[in-house]
Each structure stands twice: as structure tokens, then as C-alpha cells.
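What follows is a single structure, written as C-alpha cells, with notes after it.
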Amino acid sequence: MTDSVVLKGMTWSDPRGYDPVVAAASAFAETHPGVSIEWDKRSLQGFESTPVDELAARYDLMVIDHPHVGSVADRGCLLPFEKFASEDALAELANHSVGRSFQSYFLHGHQWALPIDAATQVQAHRADLSPRVQNWSDVIRKAEDGHVIWPLRSPHVLMNLYTLAANVGHPCATSYGDLIDPETGRQVLEQLRAVAKHMDDAFYAMDPIAVLDELSSSDRYHLSPLVYLYKGYANDGYRKHRIHFTDMPVLGRNGPLGSALGGTGMAVSAKTAHPQLCTEFALWVAGAECQRGLYVKANGQPGNALAWSDPAVNAETLDAYFNTRLTHETAWLRPRHDGYMRFQEEGSEIVADALRGKLEPDQAVTRLNERFRASFNRESN
């Protein structure tokens with residue numbers, strides 16, 4: 001390649017989101033003379049809320065959250081991967097997916113991103129202070145003792161509703177209609193309230209990073225019952241105390257299934273001048289070789305199942321991947337329709353009001369269902 005190529009990328013600011021893509025860009029440049037990838041970063045809140053089409057206008061590569069896919073799938077701002085990636089390459093990544101991570105970026109017949117990071121709501125606890133819990137009733141008892149810390153900032157407060165609804169066998173809707181049936185909604189909100197009434201009001205401003213920072217630095221709290229996996233907190237030396245991640249505590253009778261899927265994927269802007277090069281980079285970063293090697297060594301949390309199954313990868317994280325694998329494999333996939341992202345904000349406010357006692361469970365369920373149905377008709381609102 002005779003001319004230099006500078007690609008621009010956007011990711012999120014946590015070491016888990018920034019460090020591995022920067023390391024990958026450096027390694028990619030070594031095998032592609034004249035090519036460099038410069039990464040910018042934004043906060044977790046910005047990552048969860050910034051419209052992808054705005055990023056695609058300025059960046060070649062983006063690390064995105066799968067619920068955004070519906071808002072951009074038909075707008076022409078992302079490049080479908082099958083346009084430049086071979087069928088075999090995509091099939092291999094689909095076969096290596098942790099749970100529904102690969103599927104979460106497939107919509108309307110196209111693959112809009114490749115999973116580079118897998119996460120879902122799991123249990124985080126300080127094993128030096130107390131053992132993990134098995135059931136939601138155990139969580140309530142821990143909360144009564146003042147030992148539970150919980151991220152209740154939007155959208156995580158809504159994710160708790162999703163997770164427990166699916167866990168009791170009545171997952172929330174992903175297509176037009178009521179989000180949740182009244183009986184399930186009432187049951188789940190009552191169970192969430194049984195824990196939340198013992199929570200500090202400050203938790204409603206805390207995301208998983210803030211919660212895990214507190215859990216790993218203070219002996220006041222022993223447990224966060226539903227929090228997205230952040231493997232860094234299990235690494236030796238990352239914080240004062242190491243955190244153990246294990247399967248979620250259950251409310252239903254079918255084990256740790258139904259957790260609201262998270263994670264991230266790498267997308268390519270439809271406006272990039274170098275679509276083939278961007279596709280090649282994304283395929284390599286999502287592949288097993290990079291994921292179980294360079295990616296995890298650079299603080300990354302992989303999305304490739306071969307990395308999750310690697311004993312050496314697990315050894316660095318107190319077996320976080322082994323110990324949460326079932327929860328990840330049975331995770332529930334959120335709605336992804338155009339209009340969902342605004343509902344996610346509204347739904348989080350409704351659930352938060354219910355947990356604070358500002359709304360009765362039946363009122364909250366009615367409002368959730370009204371706003372969810374309306375989210376499919378935003379253009380006419």
C-alpha cells in the first residue's frame with residue numbers, strides 16, 4: 001500500500017472498551033504498513049445513549065450496543081458485513097458466539113456488527129466476605145442486612161425487570177403489544193421492591209462501574225445481585241479487592257436463564273472510504289486468535305466462545321467466564337426496533353419510580369405497556 005490510510009474509531013472509555021481495540025489497532029498496523037487506526041472514546045452513559053448514525057457520520061469503525069441496531073438498520077449509515085465478509089467467515093463467528101451475541105447484531109437480513117465483547121447481568125460478590133447466593137430470597141435477606149449494592153441508573157434498572165421476568169418464564173415482549181403481562185409485572189416489581197426498599201437513594205445514579213468500584217474498595221457491601229460482567233474487577237491488582245462473578249441468583253425454577261443480554265459489537269460506517277479494510281480489521285478482532293490472545297491480554301472481555309472456554313483466559317479472572325457461562329448462554333435478547341431506545345429511557349424512569357414507591361406495581365405495568373406500544377409508532381406521535 002503506497003498511500004497512508006488513517007481510520008477513525010469510536011469506542012467507550014472503560015479499559016475493557018478502550019485498551020483492547022487500541023492494542024488491536026497497533027498489531028493490525030504492523031501487518032498492514034501504512035495503515036493506522038485512531039480511537040476516540042466516550043463514557044458508558046454516552047455509549048448507551050449516543051445515536052449510532054451520529055457516530056457513523058464521523059467515524060470509520062464504531063463499537064456499539066445491540067439495542068441501537070433497529071434505529072439504524074434501514075437508514076443506510078452502517079455497512080452490512082456480508083457485503084465484504086465471506087459467508088464462511090461470518091458462519092465461523094456465528095458458531096463461536098457466546099449465547100446470542102452474534103445474533104443480537106443481525107436484523108432485517110443483515111449483520112450490522114460483529115461481537116467483540118460478551119456480557120449479561122450476573123452476580124458479583126466479595127468471596128472474602130460471604131459466599132454467593134443462589135436464590136432471590138437470599139438477595140432480599142442480604143439487602144435487609146445492608147450488604148447489597150445495585151446499579152439502578154438507566155437503563156440498568158429496567159434490565160432488572162427484563163431479567164427477572166424472563167427468569168420466571170414470562171419474558172418481556174420484543175414485538176408490538178404489551179411489554180409484560182400484568183401478573184408477571186406485579187410479581188417482578190414486588191420482588192425488585194423487596195430489595196430496593198433497603199437501598200441507598202444514591203444507587204439510582206450508579207452504573208455497573210460505579211457499583212463495582214465501591215464493591216471492590218469497601219467492605220460495607222458483599223453482593224451486587226444483577227450487574228453486567230466486568231471481568232477487570234476479577235483481575236489481580238485491578239482494584240483493592242478482587243470480585244468473583246458467578247451465575248445470577250434465580251427467582252424462577254429453571255436455573256439462571258433470562259438475563260438481559262449486553263456486550264458490544266464492532267460496526268463499520270457505510271460512509272467509510274475503506275470498507276474492505278475496516279471489515280478485515282473487525283473480522284480479525286472478533287476472531288478466536290485475537291480474542292483469546294492479544295484482546296484478553298489488553299484488558300478485553302472477549303465475545304468469542306473459544307476464549308471463554310480457555311483455561312488460561314479464565315485463570316486470570318477467578319474463572320469468571322466458566323462461572324457465568326450458563327447465564328450468558330441462556331440470556332434474553334432485548335427489543336431492537338426503531339423507537340426502542342427512547343422507550344428504554346422512559347421504561348427505566350417508570351421502573352425506578354415503582355422501586356422508590358412513587359408508583360404502585362399495577363400503575364407501573366400499565367405505563368410500561370402504554371409506552372412500549374407507543375414506541376413502535378414514534379413517527380406518528
Filtering trypsin sites (Lys or Arg not before Pro) in the range 204-300 by DSSP loop and by at most 13 other Cβ atoms within 10 Å leaves Arg220, Lys240, Arg253
If you bin the C-alpha pair distances of the chain every 10 Å from 0, what whole percents do you get? 5, 25, 34, 24, 10, 2, 0
When the accessible area of the chain is computed with all protein chains present and a 1.4 Å probe, what percentage of it is carbon and sulfur? 47 percent
D_trans [Stokes-Einstein, Kirkwood Rh over alpha-carbon pairs] for the range 160-310, 20 °C, 1.002 mPa s, µm² s⁻¹: 116 µm²/s
Please work out how much length the chain gains when fully extended from Asn377 to Ser43, using 0.36 nm per residue of separation minus the C-alpha to C-alpha distance, in nm with one decimal. 117.3 nm
With every protein chain kept in place and a 1.4 Å probe, the chain has an accessible area per residue in Å² of 39 Å²
How high is the relative contact order of the range 236-306? Use alpha-carbon pairs under 8 Å, at least six apart in sequence, and give a whole percent. 17 percent
Normalised alpha carbon radius of gyration of the range 97-175 [divisor 2.2 N^0.38 Å]: 1.40
Calculate for the chain the 222 nm mean residue ellipticity that helices alone would give, adding -39,500 (n - 2.57) per DSSP H run of length 4 or more and normalising by residue count, nearest 500 deg cm²/dmol. -11500 deg cm²/dmol
Listed by chain and number, the aspartates and glutamates with an alpha carbon less than 19 angstrom from that of Lys240, same-chain partners under 8 positions apart left out, are Asp14, Asp128, Asp213, Glu214, Asp219, Glu316, Asp319
Quick one: among Val133, Val285, Val122, which has the greatest mean-square fluctuation in a GNM of the chain with alpha-carbon springs under 10 angstrom? Val133
Above 23 Å lies some portion of the pair distances; for the range 1-94, what is it as a whole percent of all C-alpha pairs? 34 percent
For the range 118-153 and the range 262-339, write down the distance between their C-alpha centroids in whole Å. 26 Å
I'd like to compare 32-40, 211-219: which one has the highest average count of other Cβ atoms within 10 Å, and what's the full order after that? 211-219, 32-40
Angle, helix 320-329 long axis vs. longest principal axis of the chain, Cα atoms, 0 to 90°, nearest 10? 80 degrees
By how many degrees, between 0 and 90 and to the nearest 10, does the Cα long axis of helix 208-217 differ from the longest principal axis of the chain? 70 degrees
Surface/4 estimate of mean projected area, convex hull on alpha-carbon atoms of the range 240-368, nm²: 12.0 nm²
For the residue pair Ala205 and His241, what label-to-label distance in nm results when each label sits 7 Å from Cα along the Cα-to-beta-carbon direction? 2.4 nm
On the first, second and third principal axes, largest extent first, how far apart are the outermost C-alpha atoms of the range 199-247 in Å? 31, 22, 15
Tell me the chymotrypsin sites (Phe, Trp or Tyr not before Pro) within the range 95-196 that lie in a loop according to DSSP and have at most 14 other beta-carbon atoms within 10 Å. Tyr176
If I fit a long axis through the Cα atoms of helix 275-286 and take the longest principal axis of the Cα atoms of the chain, what angle between them do I get, 0 to 90°, rounded to 10? 50 degrees
Where is the GNM fluctuation largest for the chain (alpha-carbon springs, 10 angstrom cutoff): Ser348, Ser86, Ser13? Ser86
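The values are calculated or read from the model by the stated rules, or taken from the named source; none is laboratory data. Bear in mind that the values here come from a model prediction, so they are computed numbers and not experimental data. Neighbour counts run over all protein chains shown; Cβ positions are idealised from the backbone, glycine included. Keep in mind that these areas ignore ligands, DNA and RNA; they rest on the heavy atoms of the full protein, side chains included. Shrake-Rupley method; radii C 1.70, N 1.55, O 1.52, S 1.80 Å.
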